[in-house]
Every structure is written in structure tokens, then in C-alpha cells.
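Trainee: Starting off with a structure, shown below.
Derivation of every value follows stated rules applied to the coordinates shown; laboratory data play no part. Because the structure is predicted, anything quoted here is derived from the model rather than measured. All Cβ positions, glycine included, derive from the backbone under ideal geometry; neighbour counts span all protein chains shown.
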Amino acid sequence: MRQSTYLAPTLRDNPSDAEVKSHQLMLRAGLIRQSTSGVYSYLPLGLKVLQKVENIIREEMNRTGAQELLMPAIQPAELWRESGRWDVYGPELMRLNDRHGREFALGPTHEEVITTIVKDEVHSYKKLPMTLYQIQNKFRDERRPRFGVLRSREFLMKDAYSFDSNTEGLDESYNKMYDAYTRIFTRCGLDFRAVEADSGAIGGTDTHEFMVLSEIGEDTIAYSDSSDYAANIEIAEVNVTYVKSNEEVKDVEVVATPGQKSIQDVATFLNVSEEKLIKSLLFIVDDKPVLVLVRGDHEVNDVKVKHLFDAQLVEMATEEETKKWMNVIPGYLGPIDLHDDITVVADRAIEAIVNGVCGANEMDKHAVNVNVGRDFKVQEFADLRNIKQGDPSPDGIGVIQFKEGIEVGHVFKLGTKYSEALGAMFLDENGKNQPMIMGCYGIGVSRTVAAIVEQHHDEDGIVWPSTVSPFDIHVVPVNMKQEDQKILAEELYESLKTARFDVLLDDRPERPGVKFKDADLFGLPIRVTVGKKANEGIVECKIRKTGETEEVHKDSLVQFIEKHLG
Ligand code: 9G3
């Protein structure tokens, strides 16, 4: 490709609205341009990378025996009503009407569509197991699109669905996908971990997320420092035995704590440790008020609250909702003398607190020497807090540490939820009708590209792993006005293409500084600079990753490149 007519507009400076490196560099290197909030175009260079990643995914999916198909982005509302999900997803599900007023969704995922196809076309155990996949644009109206293509509203996803006749078969299909994902992310040059995860509203049992390790990741991985335990903090079980102190139980007292709202404020003001404090947070769990109690030094885990109530939606109460139910503002909430309609649940650590401190449900007041059972009632104790660094690992081996991660893949054992709801049945060996057992498996393709940039860049630009680089080689004549340079660059451009390399030729009449800056920004693995020694047939090869340079004669150029691209 000739850069003089190539659409790869570079930017010298960081766009002001781009918060993370991958977003900045994908804009600066001309890979993407925003169309509207959370919606992006891929310019030629960006599309090439996207397709490289897609092809790695395709190869590994096909290797497992999965079959590619393509489903529509437009899905009829009836399918979503049949699965029961039309009303589960709120504004995140993008809805539209046709000219007859019929309702549709822009597909955020394809469980309903695939299950319907398989229901109509597959009827016997003889056709199973079967895994189908597609690579297609998905739509989700994110509350807060950000970080460029890392959290966008239209994005490219590989979604796969497995259909089995028994649970052992599902385990096998799941493991095949898990292994394929491991190969895919390895080939993309990513440093990642597979971690235990929450299956969310989709339902199901086993599930793992593939996390790219990165400080900008929106998920926290809790892992053991001495075993291979790793889980999303959302589900990491707390395995701690809390011991009640034998201090003497004292009389409860309400004390003034003017302006002291935070846990830290109150602990300092009353000169008690945060471990004595009972943090009370009001949640609305499927429209019902629930007061959740955790120790002052702990954090509520709302996924665990959701599972405790088997709820669809758990949200922190707003200030207005809090005033309505508790008659006080957040900061002074407590479990004493509550409205009858409020359910109180507590983390297990609360059970062990003697002479604790909680909000008095009155402005600027806290209650001290409160004791569970005597001063307030708890409907249920459960593990409701986030695991902390330093906690024992749930598998009993070692201590928990945290790392941040970007979720690039997710594999789920679904079971029969969708096949039962939509009637995907098969006849087994004994002629008995059974629901198919399903798994589903996703890769965020556009997000994977951004994650690669997060892990592969330096201060000058992107440093593509050769497996996903948009081109293999950047041929850069320093001065296009020098006839010998121009001729040699053209000659190498042709010979390298003949040798089956994908080559970008910077044939622009730009200053050398501009060309080199753009080359570093693009980050192709090898730069071939054609300069002063062109008349001797000698060029300078630069390895983008290490910065090392070497003079190479044109006759041994192909050999040199083969050695370095691997
Ligand atoms: C929706 C909306 C958002 C969603 C979903 C549905 C996430 C939804 C989970 C999945 C599960 C798997 C196939 C590939 C692998 C992941 N966000 N999920 O179901 F309507 Cl608005 O998508 N799907």
C-alpha cells in the first residue's frame, strides 16, 4: 500500500477527550474515528487489525469444529418475550419499530435467534454436539460509553453457542472453547488470565472470564499468591472465620456526631477502630428496600446481594429513596427501629461485633455499644462483602492479591434455560424428547484490539505484535526527491510484496522527521529506511519493539525479515 493515497490520518497531539492510552493511540494512528458517542468507524489501518484478530479467532474456532454462520442484527421482540428477556433488560437493549409498529431489538447477543434456528432445524441426538458461531456487530446502549472501542455502544463480537445432548458433552464443548480462547489470546500477544466469574442475568452455572491484565481494567481480579485460584472480585468467596471478642456488653447510647458522615470520620471522631463500625447501606432489590450491613472496613458486594435474593436488579437507593424509607440522609443510617417493610441482611463479620457503632437514623447522631440481637434484628447473615487483599484465598492456599483486568472473553455453561423457553428439543437414543444443553461463548473483537494496544505501546506509539500488525513492513525512503532512494524503495516495495509480505510504502513527499514520527506511531514490526546508502543497495532495518537497527544489503533483506517476523 502506498501511503501517499492511504487513509491513515495521524494526529500529533492527544485528543482531549481520550482518557486511556489505547483510545489516544487508536485515534492518533488513524485507526478509528468517532461517529457519535460510543460509535466508531474503523479506517483502513484499524480495519486491517480488526480482521487480523478476526482471522485468528476464525482459525481457532474452525479448528475446534465449530461452524460459522451469520445472523441478523435486527431481532423480533417476540423472541425476547418468549425467553422472558424483553422486560429484563431496560434501556441497554436498543429497541425500534417498523412501519407497521412491530417491535424489534438491535441484537446485543444472539441466544434467542440461534436457539430458534436450532429448534427448527435440529431434532435428533445424531446431529449433536454442534457448535455454531458468528462474528458480527452487536448493540448495547451503555450508560457510559468510554475509553473508545473498549466500551462502545456498537461493537464487534464473536459469539458461539454449543448444543449438547448431555452434561458431559457440555463440559467437553466448554473445555474446547476454553482452550481455543487460550490459544486465541496467546496468539494476539496478550498477557491474560482466565478467572472464575459471575454469570449475570443470563443464568447458568460454570463461567470464566478471560481478563487482559491492565491498570485501566474495569474489573478486579482476586488471585491467590500461592495457588492458581483467580476469580472476579464480584464472586470471590470470603472464607474467614470471625471471632467474637469476650469484652463485656455495654448499654447502648446515642451520641452526637455533628458532620461526621464517612466511616473514617466517625471512627476518628469516636476514637474507635473501623472494625467496630457497622456500615449500613440501603439498596432497592427488585423494588423492595433492603438494608445491607457490613463492617466499617469492608465493602458491600452487590452481586452477592443479588444472588442472596435471587434478584433481577439491585441498585443503591437514591438520596430521595433513602429519605422516604429511613427518614434520614445517607451517613447516619442504622439498623435500629426500622420501618417494618425494610429487610435487614448482614455480612457474617457483623455477627462478631461486640459494642459496635452504627448510624442512629437521626441527623448528626450515632448509636454506640450496639449489639446484634439485643439492639437490632438481622433476617439473614451471609457472605456479602468484597474479598480484600490479605484475606485468605478461598481455596485455602495462600493470600489474596488484586490485579485489574479488561474482560475480552467470557465462556458460560447455560444449561437448558433457553432451549426450554424456546422449545429447542431433540429425540435421544431412546426416542425421548429432551431439551438441548447449551453453552455460549463470547469474544469482544474490537475490545481485544484496544486491549492489545494497551499492552503494546511505548511513548512514541503502538508496537504491534507481528501476528496482528496491519502491515508487516514499513518501507520509508528518507527523501523522495533523491532518485536513487525513490528507485530502491520502489524496487524493495515490489520485491517484498512478491515475497508475500504486506508492505506499507511511505511515498509521501514529507520531511524525514514527520515520516519517522508517523512510522513510530503506526508501530509496524520492521521499518526499512532507504537513505544515503541507497546507491550501494544498503538500507537500515529497525525493529520497532527493541529499537535495534542493522544495515542490511537489499539481497539479504527477505532473509533478515523472515528471521525477525518469525
Ligand atoms: C441484553 C443486553 C445486554 C446484555 C445481554 C442481553 C450481556 C446479555 C450476556 C451475554 C452472554 C453471552 C453470547 C456470547 C457470550 C456472552 N449483556 N449479556 O445477555 F439484552 Cl441489552 O451476552 N452471549
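Trainee: Filter the stretch 63-86 down to the residues that are more than 28 Å from residue 178 (Cβ to Cβ) and within 11 Å of the ligand (Cβ to nearest atom) and list them by number.
Mentor: 80, 86
Trainee: Follow-up. Only one of (1) farther than 17 Å from residue 415 by Cα; (2) more than 9 Å from the ligand (Cβ to nearest atom); (3) in a helix (DSSP H, G or I) is not met by residue 119, so which one is it?
Mentor: Answer for residue 119: the failing condition is (1).
Trainee: Let me ask something else about it. Identify, by number, the condition in (1) under 29 Å from residue 37 (Cβ atoms); (2) within 14 Å of the ligand (Cβ to nearest atom); (3) part of a helix (DSSP H, G or I) that residue 178 doesn't meet.
Mentor: (1)
Trainee: Which condition does residue 459 not pass, out of (1) of a type outside the set (S, T, N, Q); (2) under 26 Å from the mean Cα position of the chain (by Cα); (3) over 22 Å from residue 11 (Cβ atoms), if it passes all the others?
Mentor: Single failed check for residue 459: (3).
Trainee: For the stretch 436-467, enumerate the residues that are of a type in the set (Phe, Trp, Tyr) and farther than 26 Å from residue 514 by Cβ.
Mentor: The answer is 441, and nothing else.
Trainee: Among the residues of the stretch 1-43, which ones are more than 15 Å from residue 461 (Cα to Cα), free of Cβ contacts under 8 Å to residues at least 40 places away in the same chain and more than 23 Å from the chain's Cα centre (by Cα)?
Mentor: Within the stretch 1-43, 5, 7, 16, 43 meet the criteria.
Trainee: If you don't mind, there's one more thing I want to ask. Quick one: which strands (runs of 3 or more DSSP E) sit completely within the stretch 323-385 and have at least 1 residues that are of a type outside the set (Phe, Trp, Tyr) and under 16 Å from residue 277 (Cα atoms)?
Mentor: Hits in the stretch 323-385: 343-347, 356-359, 365-370.
Trainee: Do you know which residues across the stretch 463-489 are under 16 Å from residue 3 (Cβ atoms), buried (at least 24 other Cβ atoms within 10 Å of the Cβ) and in contact (Cβ under 8 Å) with a residue 60 or more places away in the chain?
Mentor: Of everything in the stretch 463-489, those that are under 16 Å from residue 3 (Cβ atoms), buried (at least 24 other Cβ atoms within 10 Å of the Cβ) and in contact (Cβ under 8 Å) with a residue 60 or more places away in the chain turn out to be 469, 470, 473.
Trainee: So, one more: Would you point out the residue of the stretch 527-566, among those that are in contact with a Cys (Cβ under 6 Å, 6 or more places away or on another chain) and of a type in the set (A, V, I, L, M), that is surrounded by the most Cβ atoms within 10 Å (Cβ to Cβ)?
Mentor: 528
Trainee: From (1) in a strand (DSSP E or B); (2) of a type outside the set (D, E, K, R); (3) within 11 Å of the ligand (Cβ to nearest atom); (4) closer than 26 Å to residue 55 by Cα, pick out the condition that doesn't hold for residue 132.
Mentor: (3)
Trainee: Here is a further query. What tally of residues in the stretch 47-62 results from selecting those that are within 16 Å of the ligand (Cβ to nearest atom) and farther than 25 Å from residue 152 by Cβ?
Mentor: Residues flagged as within 16 Å of the ligand (Cβ to nearest atom) and farther than 25 Å from residue 152 by Cβ within the stretch 47-62 amount to 0.
Trainee: Could you check how many residues of the stretch 425-465 are within 16 Å of the ligand (Cβ to nearest atom) and in a loop (DSSP other than H, G, I, E, B)?
Mentor: 1
Trainee: Please go through the stretch 22-47 and pick out each residue that is assigned to a helix (DSSP H, G or I) and surrounded by fewer than 19 Cβ atoms within 10 Å (Cβ to Cβ).
Mentor: 44, 47
Trainee: Does residue 101 qualify as being more than 15 Å from the ligand (Cβ to nearest atom) and touching a residue at least 12 places away in the same chain (Cβ under 8 Å)?
Mentor: no
Trainee: Looking at the structure I just gave you, is residue 400 within 25 Å of residue 307 (Cβ to Cβ) and within 16 Å of the ligand (Cβ to nearest atom)?
Mentor: no
Trainee: Look at residue 422 and say whether it is within 16 Å of the ligand (Cβ to nearest atom) and either basic (Lys, Arg) or in contact (Cβ under 8 Å) with a residue 40 or more places away in the chain (or both).
Mentor: Yes, satisfied.
Each row is one residue, and each column tells you yes or no for (1) in contact (Cβ under 8 Å) with a residue 60 or more places away in the chain; (2) not in a strand (DSSP E or B).
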residue: 507; (1), (2): yes, yes
residue: 533; (1), (2): no, yes
residue: 550; (1), (2): no, no
residue: 555; (1), (2): no, yes
residue: 561; (1), (2): yes, yes
residue: 564; (1), (2): no, yes
